[in-house]
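This report refers to the structure that appears directly beneath it.
Any read-out appearing in this document is the output of simple, stated calculations on the displayed coordinates, not a laboratory observation. Note that the structure is predicted; figures quoted are calculated from it, not measured. Please note: Cβ atoms are built from the backbone with ideal geometry, for glycine as well, and neighbour counts cover all protein chains shown.
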Amino acid sequence: MSDLVTGDAVVLGLRPARLPSRGLAILLDLAVYVTGYVLISVGLTMATASLDLAAQAAVAVASFLLFLVGVPIAVETLSHGRSLGKLACGLRVVRDDGGPIRFRHALVRGAMGIVELILTFGSIACIASLVSARGRRLGDVFAGTLVVRERVPGTRVMPVPPPPPWLAGRFTGLDLSAVPDGLWLAIRQYLTRMNQLDPQVGAAMAVRLADDLVARTGAPPPAGVPAAAFLMAVVHERQTRDAARAFRPSAAGPGAGFAPAPAPAPMPMPVVAPVPYGAPAPVAPLAPVPPVEAPRAGGFAPPA
């Protein structure tokens, strides 16, 4: 993948196109353009038969520049880097920051394409693409563009392993609102790939992720729970909450009116033993207040 970085410091996972796919796309484009140029040239030759040789030469040069230079530039500008050949091969021209190209990018690519694709029969473009680390030709270098692959083989999403049965429902009261999405993604990636890691490296990563999760939730770490099992249980709790929120039935249908609120259930009255008149009322003993322990930021011991 390409390590392209946008202006917001976001790394883009784009796959640059290599010489075989780019060459096939260029050949398809040239076949379409040359076919159109030949058909239009025949029509122009018949239409300008009554003109002198200078006028016929001027019309021939103008039609050549229009179909082999102007048309590719217009197609790449209007399609945002998807010509017919690139569309057939699953390719696209983008800027160095991953954005769509504009007219100036297509103009520079088209102007350089006359030299490295038409006049030299593609030899300069092949050499430049083989030498470049991202498969770029000279037109891409001067225009600040890159040809990437849009159709890439999909990867199967691995499910998160379930937590141990003795941890099911233990973290229902945990506050997960302060946990960022980046930490959830890192935890999910670790849980789906922990069996492929070295045991010591995986245990250290689990401890670090568990400490970050404990620091975000503000709750003390559970005693005697391994870090990986703690991560599984918390991720399972988050998925359960998301599923309950997504499939929660609506209070009213699209055409239903306002339904009256149900009457609150009567509170049961406590049964009090009768007290003789004039006797002092019994006072319930106060329950001892447990000491408040300050929450710790971590607590998962790293592996020895």
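Other residues with beta-carbon under 15 Å from the beta-carbon of Ile124 carry, at +1 per Lys or Arg and -1 per Asp or Glu, a net charge of +2.
3J(HN,Hα) along the range 97-110: 8, x, x, x, 7, 10, 5, 5, 5, 5, 5, 5, 5, x Hz, from the Karplus curve 6.51 cos²θ - 1.76 cosθ + 1.60 with θ = phi - 60°, whole Hz, x for Gly and Pro.
If eta is 0.890 mPa s and T is 25 °C, what Stokes-Einstein diffusion coefficient results for the range 129-241, Kirkwood Rh from Cα pairs, in µm²/s? It diffuses with D of about 146 µm²/s by this estimate.
Using just the C-alpha positions of the range 17-135 as equal point scatterers, what log10 of I(q)/I(0) does the Debye formula give at each q in 0.12 1/Å? One equal scatterer on each Cα of the range 17-135 leads to -0.49. When you count the other C-beta atoms within 10 angstrom of each residue and take the mean per peptide, 230-236, 179-185 line up highest first as 230-236, 179-185.
Taking every alpha-carbon pair within the range 98-140, the share separated by more than 11 Å comes to 63 percent.
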